[in-house]
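Participant: Sharing a structure with you now.
The values are calculated or read from the model by the stated rules, or taken from the named source; none is laboratory data. Remember, predicted model here, so these are calculated numbers, not experimental data. FYI the Cβ positions are ideal-geometry reconstructions off the backbone, even for glycines, and counts take in every protein chain you see. All accessible areas refer to the heavy atoms of the entire protein, side chains included, with ligands and DNA or RNA removed. Shrake-Rupley method; radii C 1.70, N 1.55, O 1.52, S 1.80 Å.
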Amino acid sequence: MKYAFPDNFWWGSASSALQTEGAREGETTWDYWFAREPNRFHNGVGPQQTSTFYQHWKTDIQLLKQLNHNSFRTSISWARLIPDGIGEVNPDAVDFYHQVIDELNEHGITPFITLFHFDMPMAMQEIGGWENRDVVDAYARYAQICFELFGDRVLHWFTFNEPIVPVEGGYLYDFHYPNVVDFRRAATVAYHTVLAHAKAVQAYRAGHYAGEIGIVLNLTPSYPRSQNPADVKAAHVADLMFNRSFLDPVLRGEYPADLVALLKSYDQLPACKPEDGFLIAEGKIDLLGINYYQPRRVKCRDSAVNPQAPFMPEWFFDSYEMPGRKMNPYRGWEIYAPGIYDILINLRDNYGNPRCFISENGMGVENEQRFIENGQINDQYRIEFISEHLTWLHKGISKGCNCLGYHMWTFIDNWSWCNAYKNRYGFIQLDLETQQRTIKKSGEWFATTALNNSFEKE
Ligand code: BG6
């Protein structure tokens, strides 16, 4: 069967500043943490060892063109642009981002720009990071500077990439700096991130720029083990905590009342100011980026909560390993393509069918060299992964969902936080030593699909 996509469908990929640029300027929490605890990073590889986009942006953009991208998302590094987070703007950074944006536009590749992709300037973290409202204001100033500098040529802005991940990693589950385990502080970080988002949206609207502004959320549909009310309730709480804590403020302009009531009953609400509600209401977006990698399957807890243990989302559910589920064993994530469809239908039915696109989807695989045939990685598994997800996306569009594009994670194999180069995600293989780039089979498949705006699948 032929799967054809609407005209002007966005075909592309996503990446981020810290994961690709190298030539670090302006210290981030990642540089700081890596200098102190390199053992927390796979094979001791830190954020200095990248695909060197800072040097090779020109040739990389030619490769994007070769892959028939009509759009590409990357981020601006706050710490590169404003090294202390709040003061002087670094002119070299301005030149760099100007050149990248212009080059993309000249090649007919629409730049999608994220303002914050996990990379907090260390100077801002030293004053409390997202726990401090001064950092919210510093971020709003940074956003405004970006709009003023680049807003005439960037028409698609994203305030944050997966804002819940720094909350989970840094304040609940110990996989980002500052390695705190404290729900109330996590909730404060999440809340202030929403305020920062809303302030950036406000600044964008006030500037009357020609483009649109949104946010990128990692949505993990929460599936209950069964329809038993206890399982359904568990899935509902997981959904509130991990999806709706950001989805509702940015699409509805307010938090779900039952999430607020739940946190209140456990004394976990962050400190709020009366004027915050108006600000959050003004943070409604034009465009939602959806990162979809895996579903979340839950069941009601089997055991009682240890009242001495720190308050955690898992007080309300256990994760459920569904028999027969398909796994990506390298990343430990379930592969479930219908999840894309369920997300789109949920947005259509419960959130007014917003303009949205798949901003990341992907499959990280270890030791891909074993699949080399005639000098090229034959990653048929990735082609199957993409085409399967695209069929469900296609079905969503056929049911009226307002999904405008599909971006893959990622363009060239890149540095993946604590996993460094363990799992490779790229359309293009990176030889870290020589910096040689070689297009994988999936890159060729994607280029053809993007060119035809369609693909064939049985
Ligand atoms: C997303 C992020 O969570 O998934 C990326 O936006 C990240 O920054 C990607 O690299 C893949 O996840 P991981 O943890 O395997 O790198």
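Participant: Got the relative contact order for region 100-206 handy, in percent, Cα pairs under 8 Å and 6 or more residues apart?
Facilitator: Result for region 100-206 is 32 percent.
Participant: For region 366-458, which trypsin sites (Lys or Arg not before Pro) are in a loop by DSSP, counting at most 14 other Cβ atoms within 10 Å?
Facilitator: LYS399, LYS457
Participant: Please list, ordered by chain and number, the residues whose modelled amide H lies under 5 Å from the amide H of MET327; skip anything fewer than 5 residues away on the same chain.
Facilitator: ILE335
Participant: Three principal axis extents, largest first, for the C-alpha atoms of region 296-369, in Å?
Facilitator: 45, 43, 24
Participant: Scan region 291-396 for GluC sites (Glu not before Pro) in coil per DSSP, keeping those whose Cβ has at most 13 other Cβ atoms within 10 Å, and list them by number.
Facilitator: Counting only loop positions with at most 13 other Cβ atoms within 10 Å, the GluC sites (Glu not before Pro) in region 291-396 are GLU321.
Participant: Run through all the Cα pairs of the chain and give the fraction in each 10 Å bin from 0, expressed as whole percent.
Facilitator: Percent of Cα pairs in each bin: 4, 21, 33, 29, 12, 2, 0.
Participant: Taking amide H positions as placed 1.01 Å from N in the peptide plane, with prolines and chain starts having none, which residues 5 or more places from TYR223, or on another chain, fall under 5 Å of its amide H?
Facilitator: Hits under the 5 Å cutoff: ARG296, ARG297, VAL298.
Participant: Taking a 30 Å limit on the Cα-Cα distance, which of the listed pairs LYS2/LYS440; LYS299/LYS441; LYS2/LYS326; LYS58/LYS284; LYS326/LYS422 fall beyond it?
Facilitator: Violating the 30 Å Cα-Cα cut-off are LYS299/LYS441; LYS58/LYS284.
Participant: If you count only protein heavy atoms with a 1.4 Å probe, what accessible area per residue comes out for the chain, rounded to a whole Å²?
Facilitator: 39 Å²
Participant: So, in Å, what gap is there between the alpha-carbon centers of region 325-380 and region 12-42?
Facilitator: Measuring centre to centre over Cα atoms gives 24 Å.
Participant: Additional query: What percentage of the solvent-accessible surface of region 342-458, computed with a 1.4 Å probe over protein heavy atoms, is contributed by carbon and sulfur atoms?
Facilitator: Taking all protein chains in place, region 342-458 shows 45 percent carbon and sulfur surface.
Participant: For the chain, what is the calculated [θ] at 222 nm in deg cm²/dmol (nearest 500), taking -39500 (n - 2.57) for each run of four or more DSSP H residues and dividing by its residue count?
Facilitator: About -12000 deg cm²/dmol.
Participant: Using the Karplus curve 6.51 cos²θ - 1.76 cosθ + 1.60 with θ = phi - 60°, work out ³J(HN,Hα) for each residue of region 19-29 in order, rounded to whole Hz, and write x for Gly and Pro.
Facilitator: My calculation for region 19-29 gives 7, 10, 5, x, 6, 4, 9, x, 6, 10, 4 Hz in order.
Participant: Computing the accessible area with a 1.4 Å probe over protein heavy atoms, can you report the carbon and sulfur percentage for region 213-294?
Facilitator: Of the solvent-accessible surface of region 213-294, carbon and sulfur hold 57 percent.
Participant: A further question follows. What are the ³J(HN,Hα) values, in whole Hz, obtained from phi via the Karplus relation 6.51 cos²θ - 1.76 cosθ + 1.60 with θ = phi - 60°, for each residue of region 211-226 in sequence order, with x given for Gly and Pro?
Facilitator: Values per residue, Gly and Pro as x: x, 9, 10, x, 8, 10, 10, 8, 9, 10, x, 9, 9, x, 3, 8 Hz.
Participant: Report in % the part of the accessible area of region 22-151 that belongs to carbon and sulfur, leaving out ligands and nucleic acids; probe 1.4 Å.
Facilitator: In region 22-151, the share of accessible area belonging to carbon and sulfur is 47 percent.
Participant: What are the residues whose amide H is under 5 Å from the amide H of PHE118, where those residues sit 5 or more places off or on another chain and H is modelled from the backbone?
Facilitator: Amide H to amide H, under 5 Å and 5 or more residues apart or across chains, PHE118 pairs with ASN161.
Participant: Among the aspartates and glutamates, which have Cα under 16 Å from the Cα of LYS233 when same-chain residues fewer than 8 positions away are ignored?
Facilitator: Partners found: ASP258, ASP302, GLU314, ASP318.
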